[in-house]
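What follows is a single structure, written as structure tokens, with notes after it.
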Amino acid sequence: MVRKKSQSKRMSCAKRFKITKRAAEKHRKDRKDAKKNPRPKKAKKDPGIPNNWPFKEQLLNQIEEERVKAESKERNKRLCQRLQKKAAAAEAKASTVVANVEN
């Protein structure tokens, strides 16, 4: 049986350039998507506190207090942002009303 010849890898320049152009376009798109939606980073596991640790209860209470304080701080921050947005919207609405009255 006669062995078949393998197909040549030659191609026209237009086809070759079109392939490289499409590949570059795809890479650009992937980089842009990666900037918009970065991969979520794995959170490191907390090993916890060993049972034989001295003053374990006090340490746990301290950690809980810090967590509660951080939550309240975040809540206050969101509240301030919400109030600033409302104030900005009210100011914008008032300026449009004033502009309409002047015309």
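Out of all the residues in region 43-61, is one or more surrounded by 10 or more Cβ atoms within 10 Å (Cβ to Cβ), part of a helix (DSSP H, G or I) and among the basic types (Lys, Arg)? There is at least one residue in region 43-61 that is surrounded by 10 or more Cβ atoms within 10 Å (Cβ to Cβ), part of a helix (DSSP H, G or I) and among the basic types (Lys, Arg). Among the residues of region 62-75, those that are of a type outside the set (D, E, K, R) and open to solvent by less than 90 Å² (accessible area, probe 1.4 Å) comprise ILE63, VAL68, ALA70, SER72. Restricting the first member to region 74-103 and to residues that are at negative phi and modelled with pLDDT of 85 or more, and the second to residues that are surrounded by 10 or more Cβ atoms within 10 Å (Cβ to Cβ) and assigned to a loop (DSSP other than H, G, I, E, B), no beta-carbon pair is closer than 9 Å while six or more apart or on different chains.
The values are calculated or read from the model by the stated rules, or taken from the named source; none is laboratory data. Nothing here was measured: the structure is a model prediction, and the numbers come from that model. As a convention, Cβ positions derive from the backbone with ideal geometry for all residues, glycine included, and neighbour counts pool all protein chains shown. Surface areas here come from the heavy atoms of the whole protein model, side chains and all, with no ligands, DNA or RNA. Shrake-Rupley method; radii C 1.70, N 1.55, O 1.52, S 1.80 Å.
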